[in-house]
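The values are calculated or read from the model by the stated rules, or taken from the named source; none is laboratory data. Worth saying up front: this structure is predicted, and the values here are computed from it rather than measured. Positions of Cβ are backbone-derived with ideal geometry, glycine not excepted, and every protein chain shown enters the neighbour counts. Ligands, DNA and RNA are excluded from the accessible area calculation, which covers all protein heavy atoms including side chains. Shrake-Rupley method; radii C 1.70, N 1.55, O 1.52, S 1.80 Å.
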Amino acid sequence: MAHSASFWNRIATKYSKSPIADEAAYEKKLEISREYFTPESELLEIGCGTGSTAVLHAPYVKHIDAVDISENMISIARSKAESEGVDNIDFRVLDSDDLQVASESKDAVLALSLLHLVEDKEALMAKAHAALKPGGVFITSTACIADFMAWMKYILPVGRALRLLPFVKVFSADELRASMKAAGFEILYDWQPAKNKGLFIVAKKSDS
(Lines give C-alpha, C1' and ligand atoms only; values in the text may rest on other atoms or scores of the structure.)
Protein backbone atom coordinates (compact mmCIF):
# COMPACT_ATOMS: atom_id res chain seq x y z
CA MET A 1 0.00 0.00 0.00
CA ALA A 2 3.05 2.27 -0.42
CA HIS A 3 1.41 4.24 -3.24
CA SER A 4 -1.65 5.01 -1.12
CA ALA A 5 0.58 6.19 1.73
CA SER A 6 2.40 8.47 -0.70
CA PHE A 7 -0.90 9.89 -1.96
CA TRP A 8 -2.22 10.67 1.53
CA ASN A 9 1.13 12.11 2.60
CA ARG A 10 1.04 14.42 -0.39
CA ILE A 11 -2.42 15.80 0.33
CA ALA A 12 -2.30 15.76 4.15
CA THR A 13 -1.90 19.50 4.67
CA LYS A 14 -4.62 20.41 2.15
CA TYR A 15 -6.89 17.72 3.59
CA SER A 16 -6.48 19.06 7.13
CA LYS A 17 -7.56 22.53 6.01
CA SER A 18 -10.60 21.39 4.03
CA PRO A 19 -14.00 22.12 5.61
CA ILE A 20 -16.29 19.23 6.53
CA ALA A 21 -18.59 18.65 3.56
CA ASP A 22 -21.73 18.05 5.65
CA GLU A 23 -21.30 19.48 9.13
CA ALA A 24 -24.78 18.45 10.32
CA ALA A 25 -24.26 14.82 9.27
CA TYR A 26 -20.82 14.76 10.89
CA GLU A 27 -22.17 16.10 14.16
CA LYS A 28 -24.96 13.51 14.12
CA LYS A 29 -22.43 10.71 13.61
CA LEU A 30 -20.39 11.98 16.56
CA GLU A 31 -23.50 12.11 18.72
CA ILE A 32 -24.70 8.63 17.78
CA SER A 33 -21.22 7.15 18.30
CA ARG A 34 -21.01 8.57 21.82
CA GLU A 35 -24.19 6.75 22.81
CA TYR A 36 -22.04 3.60 22.76
CA PHE A 37 -19.12 5.04 24.76
CA THR A 38 -18.51 5.19 28.49
CA PRO A 39 -15.77 6.96 30.48
CA GLU A 40 -14.03 3.56 30.70
CA SER A 41 -14.19 2.76 26.98
CA GLU A 42 -11.07 1.65 25.13
CA LEU A 43 -11.29 2.71 21.48
CA LEU A 44 -9.37 1.87 18.34
CA GLU A 45 -9.66 4.13 15.31
CA ILE A 46 -8.29 2.68 12.08
CA GLY A 47 -7.54 5.25 9.37
CA CYS A 48 -7.74 8.20 11.75
CA GLY A 49 -6.47 10.72 9.18
CA THR A 50 -5.57 14.04 10.76
CA GLY A 51 -7.11 13.06 14.06
CA SER A 52 -10.09 15.41 14.24
CA THR A 53 -12.65 12.76 15.18
CA ALA A 54 -10.36 11.09 17.72
CA VAL A 55 -9.68 14.44 19.41
CA LEU A 56 -13.41 15.20 19.59
CA HIS A 57 -14.22 11.79 21.07
CA ALA A 58 -11.32 11.79 23.55
CA PRO A 59 -13.19 13.50 26.43
CA TYR A 60 -15.87 10.79 26.37
CA VAL A 61 -13.63 7.72 26.70
CA LYS A 62 -10.69 6.38 28.67
CA HIS A 63 -8.21 5.88 25.84
CA ILE A 64 -7.95 5.82 22.05
CA ASP A 65 -5.43 3.98 19.88
CA ALA A 66 -5.47 5.78 16.52
CA VAL A 67 -3.59 4.58 13.46
CA ASP A 68 -3.18 5.78 9.90
CA ILE A 69 -1.07 4.82 6.91
CA SER A 70 0.12 8.41 6.38
CA GLU A 71 3.03 9.78 8.40
CA ASN A 72 2.05 13.34 7.52
CA MET A 73 -1.54 12.80 8.63
CA ILE A 74 -0.36 11.41 11.97
CA SER A 75 2.00 14.36 12.45
CA ILE A 76 -0.94 16.76 12.03
CA ALA A 77 -3.09 14.63 14.35
CA ARG A 78 -0.49 14.76 17.10
CA SER A 79 -0.27 18.53 16.76
CA LYS A 80 -4.05 18.83 17.05
CA ALA A 81 -4.14 16.72 20.19
CA GLU A 82 -1.32 18.71 21.76
CA SER A 83 -2.94 22.05 20.95
CA GLU A 84 -6.22 20.86 22.51
CA GLY A 85 -4.51 19.46 25.59
CA VAL A 86 -5.67 15.93 24.79
CA ASP A 87 -3.41 13.28 26.27
CA ASN A 88 -5.42 10.05 26.08
CA ILE A 89 -4.78 9.27 22.39
CA ASP A 90 -1.84 7.29 21.03
CA PHE A 91 -1.38 8.17 17.34
CA ARG A 92 0.68 5.71 15.29
CA VAL A 93 1.73 5.38 11.65
CA LEU A 94 0.52 1.95 10.60
CA ASP A 95 -0.99 0.24 7.58
CA SER A 96 -4.21 -1.54 8.52
CA ASP A 97 -2.77 -4.68 6.89
CA ASP A 98 -0.08 -4.71 9.60
CA LEU A 99 -2.38 -3.93 12.50
CA GLN A 100 -2.14 -6.32 15.44
CA VAL A 101 -4.55 -5.86 18.35
CA ALA A 102 -5.01 -7.99 21.45
CA SER A 103 -8.15 -10.10 21.22
CA GLU A 104 -11.24 -8.72 22.95
CA SER A 105 -9.37 -5.61 24.17
CA LYS A 106 -11.52 -2.82 22.67
CA ASP A 107 -14.99 -1.54 23.46
CA ALA A 108 -15.32 0.16 20.08
CA VAL A 109 -13.49 0.12 16.78
CA LEU A 110 -13.93 3.03 14.37
CA ALA A 111 -13.22 2.89 10.63
CA LEU A 112 -14.53 6.16 9.18
CA SER A 113 -14.23 6.85 5.45
CA LEU A 114 -11.97 3.82 5.21
CA LEU A 115 -13.59 0.55 4.10
CA HIS A 116 -13.74 1.66 0.45
CA LEU A 117 -10.02 2.54 0.61
CA VAL A 118 -8.70 -0.90 1.62
CA GLU A 119 -8.19 -3.81 -0.74
CA ASP A 120 -9.72 -6.39 1.61
CA LYS A 121 -12.49 -4.89 3.71
CA GLU A 122 -13.51 -8.34 4.93
CA ALA A 123 -10.05 -8.86 6.46
CA LEU A 124 -10.30 -5.52 8.23
CA MET A 125 -13.77 -6.39 9.54
CA ALA A 126 -12.39 -9.68 10.86
CA LYS A 127 -9.64 -7.81 12.70
CA ALA A 128 -12.16 -5.40 14.17
CA HIS A 129 -14.38 -8.28 15.27
CA ALA A 130 -11.47 -10.07 16.96
CA ALA A 131 -10.31 -6.88 18.71
CA LEU A 132 -13.73 -6.12 20.19
CA LYS A 133 -14.92 -7.29 23.56
CA PRO A 134 -18.23 -9.21 23.49
CA GLY A 135 -20.93 -6.58 22.97
CA GLY A 136 -18.43 -4.09 21.55
CA VAL A 137 -19.29 -1.98 18.51
CA PHE A 138 -17.77 -1.44 15.08
CA ILE A 139 -18.57 2.07 13.85
CA THR A 140 -18.10 2.87 10.18
CA SER A 141 -18.92 5.50 7.58
CA THR A 142 -18.37 4.33 4.04
CA ALA A 143 -18.73 5.64 0.50
CA CYS A 144 -20.75 2.96 -1.31
CA ILE A 145 -19.76 4.15 -4.76
CA ALA A 146 -21.59 1.45 -6.74
CA ASP A 147 -24.90 3.02 -5.72
CA PHE A 148 -24.26 6.40 -7.34
CA MET A 149 -21.13 6.22 -9.51
CA ALA A 150 -20.79 2.61 -10.64
CA TRP A 151 -18.85 3.77 -13.72
CA MET A 152 -16.00 4.79 -11.40
CA LYS A 153 -14.80 1.19 -11.35
CA TYR A 154 -13.43 1.85 -14.85
CA ILE A 155 -11.88 5.22 -14.04
CA LEU A 156 -10.28 4.51 -10.68
CA PRO A 157 -7.64 2.00 -11.90
CA VAL A 158 -6.49 4.55 -14.49
CA GLY A 159 -6.21 7.28 -11.88
CA ARG A 160 -4.29 4.94 -9.62
CA ALA A 161 -1.92 3.91 -12.43
CA LEU A 162 -1.21 7.58 -13.11
CA ARG A 163 -0.61 8.09 -9.36
CA LEU A 164 -3.42 10.63 -9.21
CA LEU A 165 -5.69 8.60 -6.91
CA PRO A 166 -5.31 6.18 -4.02
CA PHE A 167 -6.77 2.67 -4.10
CA VAL A 168 -10.58 2.89 -4.04
CA LYS A 169 -12.96 -0.07 -4.13
CA VAL A 170 -16.44 0.09 -5.65
CA PHE A 171 -19.26 -1.73 -3.87
CA SER A 172 -22.87 -1.09 -2.91
CA ALA A 173 -24.50 -0.39 0.45
CA ASP A 174 -26.22 -3.78 0.35
CA GLU A 175 -22.88 -5.48 -0.30
CA LEU A 176 -21.38 -3.67 2.67
CA ARG A 177 -24.25 -4.70 4.94
CA ALA A 178 -23.89 -8.31 3.80
CA SER A 179 -20.15 -8.23 4.54
CA MET A 180 -20.84 -6.87 8.02
CA LYS A 181 -23.27 -9.66 8.78
CA ALA A 182 -20.93 -12.29 7.32
CA ALA A 183 -18.19 -11.00 9.63
CA GLY A 184 -20.40 -11.77 12.63
CA PHE A 185 -21.82 -8.32 13.32
CA GLU A 186 -25.39 -7.34 14.13
CA ILE A 187 -26.27 -3.97 12.63
CA LEU A 188 -27.73 -1.74 15.33
CA TYR A 189 -27.84 1.59 13.50
CA ASP A 190 -27.92 2.21 9.75
CA TRP A 191 -28.14 5.74 8.36
CA GLN A 192 -27.34 7.39 5.06
CA PRO A 193 -28.10 11.14 4.72
CA ALA A 194 -28.38 10.78 0.93
CA LYS A 195 -27.63 8.16 -1.70
CA ASN A 196 -24.32 9.81 -2.57
CA LYS A 197 -23.30 10.23 1.09
CA GLY A 198 -21.41 7.87 3.33
CA LEU A 199 -23.37 4.99 4.87
CA PHE A 200 -23.01 5.22 8.65
CA ILE A 201 -23.30 1.90 10.50
CA VAL A 202 -22.98 0.90 14.13
CA ALA A 203 -22.60 -2.88 14.31
CA LYS A 204 -22.36 -5.01 17.43
CA LYS A 205 -20.26 -8.05 18.19
CA SER A 206 -22.32 -10.78 19.86
CA ASP A 207 -22.37 -10.70 23.65
CA SER A 208 -21.60 -14.42 23.80
Area of Glu27 that stays accessible when all protein chains are in place (1.4 Å probe, Å², to 10): 80 Å²
Estimated 222 nm signal from helices in the chain, with DSSP H stretches of n ≥ 4 weighted -39500 (n - 2.57), rounded to 500: -11500 deg cm²/dmol
Charge-dipole axis of the chain as Lys and Arg at +1 and Asp and Glu at -1 on Cβ define it, positive-most pick from Ala5, Leu110, Val86: Ala5
Inter-label distance, nm, simple model (7 Å from Cα along the C-beta direction), Glu31/Ile155: 3.4 nm
Lysines whose Cα lies under 20 Å from that of Lys29, excluding same-chain neighbours fewer than 8 positions away: Lys62, Lys106, Lys195, Lys197, Lys204, Lys205
Accessible area of Asp98 in the full protein assembly, 1.4 Å probe (Å², nearest 10): 100 Å²
Rounded FRET efficiency, nearest 0.05, which uses the C-beta distance separating Arg92 from Lys197 and R0 of 25 Å: 0.30
Percent of beta bridges antiparallel (DSSP, the chain, rounded to nearest 5): 40 percent
Sequence of Ser75, Ser16 from largest to smallest accessible area, 1.4 Å probe: Ser75, Ser16
Accessible area of the chain belonging to carbon and sulfur atoms, whole % at 1.4 Å probe: 52 percent
Assigned charges on the beta-carbon of Lys, Arg, Asp, Glu; the chain dipole about Cα centre (debye): 680 debye
Per residue, the convex hull volume that the Cα atoms of the chain enclose (Å³): 110 Å³
Å² per residue, accessible surface of segment 59-208 at 1.4 Å: 49 Å²
Simple Cβ-charge dipole of segment 67-169, Lys/Arg +1 and Asp/Glu -1, about Cα centre, in debye nearest 20: 360 debye
Within segment 1-105: Cβ-based charge dipole about Cα centre, in debye rounded to nearest 20 (Lys, Arg +1; Asp, Glu -1): 460 debye
Heavy-atom surface of segment 1-56, accessible at 1.4 Å and reported per residue (Å²): 52 Å²
